[in-house]
1. Run through every distinct alpha carbon pair of region B:199-240 and return the Kirkwood hydrodynamic radius in angstroms, one decimal place.
2. Within region B:59-103, which residues have the backbone N less than 20 Å from the label spot 7 Å out from residue B:126 along Cα→beta-carbon, could you tell me?
3. Using only alpha carbon pairs under 8 Å that are at least six residues apart, calculate the relative contact order of chain B and give it in whole percent.
4. Under a plain spin-label model, where a point goes 7 Å from the Cα along Cα-to-Cβ, how far apart in nm are residue A:70 and residue B:30?
5. Angle between the Cα long axis of helix B:109-126 and the longest principal axis of chain B, 0 to 90 degrees, nearest 10?
6. Going 7 Å from Cα along the Cα-Cβ axis for the label, what nanometre distances separate residue A:249 from the same residue across the other copies?
7. Run the label-point distances for residue A:67 please: 7 Å along Cα to Cβ, every other copy, nanometres, shortest first.
8. Show me the three semi-axes of the equivalent ellipsoid for the protein assembly as shown, from the C-alpha gyration tensor (sqrt of 5 times each eigenvalue), largest first, rounded to whole Å.
2 protein chains.
Amino acid sequence: MAAPATEIEAAQPEVPAQGRTGRAGGVRARVRAELTAEIKEAARCQLAEVGAADLSLRAVARELGMVSSAVYRYFASRDELLTALIIDAYNALGAEAESADAGVARADLEGRFRAVGRAIRRWGLAHPYEYALIYGSPVPGYVAPDDTIAAASRTSLVLTGILADGHASALGAPGAELPEALRTELERLGTQLGGDVPPPLLARGLTVWMGMFGAVSFELFGQLHNVVDERDALFEFELDRWIGLLELR
Amino acid sequence: MAAPATEIEAAQPEVPAQGRTGRAGGVRARVRAELTAEIKEAARCQLAEVGAADLSLRAVARELGMVSSAVYRYFASRDELLTALIIDAYNALGAEAESADAGVARADLEGRFRAVGRAIRRWGLAHPYEYALIYGSPVPGYVAPDDTIAAASRTSLVLTGILADGHASALGAPGAELPEALRTELERLGTQLGGDVPPPLLARGLTVWMGMFGAVSFELFGQLHNVVDERDALFEFELDRWIGLLELR
């Protein structure tokens with residue numbers, strides 16, 4: 001619900017520069033953080049209602065009862081707002097995956113993988129529009145800046161961590177041969193990810209990773225409609241297949 | 001490029017009802033088919049430029065130099081046009097999958113699966129916006145009608161056919177246990193699909209299917225950007241893993 005324009009306008013810190021004290025600066029920062037959060041929340045509602053392509057700073061301003069120029073002080077463009085939402089979504093999913101992984105004994109690779117997989121699906125089901133924003137169709141005219149990379153990597157790093165721990169203990173690198181160019185590229189990727197995961201295992205990890213997001217996307221994007229209703233059970237079945245493919249047990 | 005309004009307007013059959021002969025009716029049908037195709041082609045360009053959510057009959061009319069009311073004679077609403085594009089896309093992909101499957105000897109299950117997988121990825125890479133329309137984020141406010149089901153099933157039926165042929169010959173049903181509710185549902189689904197595929201094998205088929213579309217979506221939707229450039233080789237690696245999971249060899 002939109003608050004009356006006057007209230008929100010009044011909340012904006014219009015402290016003259018020469019009058020700023022430490023305390024006024026603190027208030028200013030707090031108000032800025034609050035307004036930024038409110039703008040992003042209103043923008044997330046827009047994702048659900050009109051989709052990312054039609055996200056509009058003007059509509060967000062209207063929803064919050066702010067003047068457009070005030071919103072532009074927080075986000076200079078639609079793309080900047082979109083980038084903030086994308087980073088938030090990746091971070092939220094990454095935090096879920098990390099927390100799920102951290103809740104299982106380090107040596108229980110299978111349990112860790114299962115917990116992470118369930119957490120990813122659960123987050124997607126609870127946040128379908130944010131999931132679509134990061135794993136769905138690209139937004140026409142929008143190119144994600146490099147700012148998104150760190151947040152986007154968090155979830156993948158959890159899987160790589162499980163694979164690295166597995167490789168360091170008993171888990172062998174499955175023996176599939178890789179073409180030289182792919183092997184070289186995956187060696188570099190493994191180093192970037194900071195884990196000790198041999199290329200053939202990393203290739204399996206990618207296969208499984210894409211399968212997992214493929215499964216969540218199929219469920220969220222309507223491809224299982226009229227096909228499978230027993231989706232918890234199907235996902236558990238898939239988790240077992242992926243665990244087998246990664247030789248986590 | 002938009003043609004001058006007058007040309008296209010002139011192409012519309014304004015034959016008075018009482019003056020229609022068989023020949024005029026034939027012309028009318030032909031012109032209708034041509035205009036329908038042109039409207040859909042202009043709409044596909046819009047998918048690329050503004051995305052499915054912003055597909056607009058008015059903009060299509062403008063692009064073609066037609067008056068909006070003329071376009072509405074062919075498609076009563078944005079959703080009707082969207083449905084036509086979705087059906088076309090599913091049919092185009094389905095035809096590619098069927099043709100790839102038909103090009104390999106029936107007994108060569110692995111070869112058939114590999115050809116179909118490559119055809120799906122190739123079609124996606126060549127038609128990224130149509131792929132996104134059918135496998136990407138849902139379009140806000142749009143609900144696909146049942147009209148789309150037959151076209152949507154074509155590609156899946158190709159996989160089911162390979163699995164059914166495999167089961168009928170040597171391919172055993174992998175022994176994974178399924179919870180009762182999922183087994184019952186997959187038995188029903190298998191019957192609907194007309195194939196003789198036991199539930200555990202169908203469950204593996206779904207896992208692989210979602211993995212394959214997950215892989216194509218990751219590639220098309222930008223998730224492999226800065227991650228893997230050797231995408232042909234990665235997909236071939238994945239095909240081998242999926243073939244192993246389906247025990248096609």
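1. 11.1 Å
2. B:85-103
3. Answer for chain B is 17 percent.
4. Each label point lies 7 Å from its Cα, and together they span 6.4 nm.
5. 40 degrees
6. 2.7
7. Listed shortest first, these distances are 4.3 nm.
8. 39, 38, 19
Read-outs throughout are calculated quantities, based only on the coordinates presented, and are distinct from any laboratory measurement. What you are looking at is a predicted structure, and each value in this text was computed from that prediction instead of being measured. Ideal geometry is used to build each Cβ from the backbone, glycine not excepted, and the neighbour counts take in all protein chains shown.
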